[in-house]
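Accompanying notes for the structure given below.
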Amino acid sequence: MMIHRGTQAIYTERLVLRQLTVSDAEDMFRNWGNDERVSRYMSWEPHGNISVTRALLDSWQASYRNKAYYQWGIEMDGELIGSISAHNVNDMIRSCEVGYAIGYDWWNQGIMTEALTALIQFLFETGFNRIAAIHRLENPASGRVMEKCGMQYEGVIRQIIPDGKGHFYDVKQYAIIASDVL
């Protein structure tokens, strides 16, 4: 049974996963929101100016009233360095997809693996049965994060994700189910 708890704070050895606020705009814009090295594998373009970041954070902040809304900032040593979310929540089949972004300066340090592992645990405790994630074929590092978190490769989904310019890309999909870890 699903018991939506909303975006509650999650603590790991090095990180705090927490709700985002408009006051996080400077960190988000500086650390990943306007960095084309981060956005090149995403469905969004670099923010271009901080007003884009503020508007996005404002919409996320307003959504926290919904207990089935899951969007965290990733904080390390008091600085916001990335975000992670669960979306496409389906109560009927108790599933969701997860997505994440982290600033370039924090790549290859095990940070996203730590954050995703904690999120997977939280979601299973909430009652989810299946958690999926995708990455563009050109970003195998994201797939390695998924594998380190226990997710299993399921295959390629063709022409599913548009970038900010309207081009569609193939992705690899991974998933983990509750019985994999229980």
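The values are calculated or read from the model by the stated rules, or taken from the named source; none is laboratory data. Everything numeric here is computed off the predicted structure, so don't read it as measured data. When we count neighbours, we look across all protein chains shown, and the Cβ atoms used for this are built from the backbone with ideal geometry, even at glycine. What goes into the accessible areas is simple: the full protein's heavy atoms, side chains included, and nothing from ligands, DNA or RNA. Shrake-Rupley method; radii C 1.70, N 1.55, O 1.52, S 1.80 Å.
Before moving on, here are some points about what is shown:
Per-residue answers, yes or no, for (1) buried (at least 18 other Cβ atoms within 10 Å of the Cβ); (2) among the charged types (D, E, K, R); (3) under 26 Å from Tyr169 (Cα atoms):
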residue: Asp77; (1), (2), (3): no, yes, no
residue: Leu80; (1), (2), (3): yes, no, no
residue: Glu97; (1), (2), (3): no, yes, yes
residue: Tyr104; (1), (2), (3): no, no, yes
residue: Gln109; (1), (2), (3): no, no, no
residue: Met112; (1), (2), (3): yes, no, yes
residue: Ala118; (1), (2), (3): yes, no, no
residue: Thr126; (1), (2), (3): yes, no, no
residue: Ile134; (1), (2), (3): yes, no, yes
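- Members of segment 139-174 found to be touching a Leu at 6+ places or on another chain (Cβ under 8 Å) and part of a strand (DSSP E or B), listed by number: Val156, Tyr169, Asp170, Val171, Lys172
- Scanning segment 90-105 for residues that are in contact (Cβ under 8 Å) with a residue 60 or more places away in the chain and over 12 Å from the mean Cα position of the chain (by Cα) yields Asp91, Arg94, Gly103, Tyr104, Asp105.
- Of all residues in segment 109-138, those being in a helix (DSSP H, G or I) and within 16 Å of Gly99 (Cβ to Cβ) number 11.
- Selection within segment 51-76 - hydrophobic (A, V, I, L, M, F, W, C) and in a helix (DSSP H, G or I): Val52, Ala55, Leu56, Leu57, Trp60, Ala62
- Trp32 being more than 30 Å from Met1 (Cβ to Cβ), open to solvent by less than 40 Å² (accessible area, probe 1.4 Å) and among the aromatic types (Phe, Trp, Tyr): yes
- Within segment 52-75, not a single residue is open to solvent by 10 Å² or more (accessible area, probe 1.4 Å), in contact with a helix residue (DSSP H, G or I) (Cβ under 6 Å, 6 or more places away or on another chain) and of a type in the set (A, V, I, L, M).
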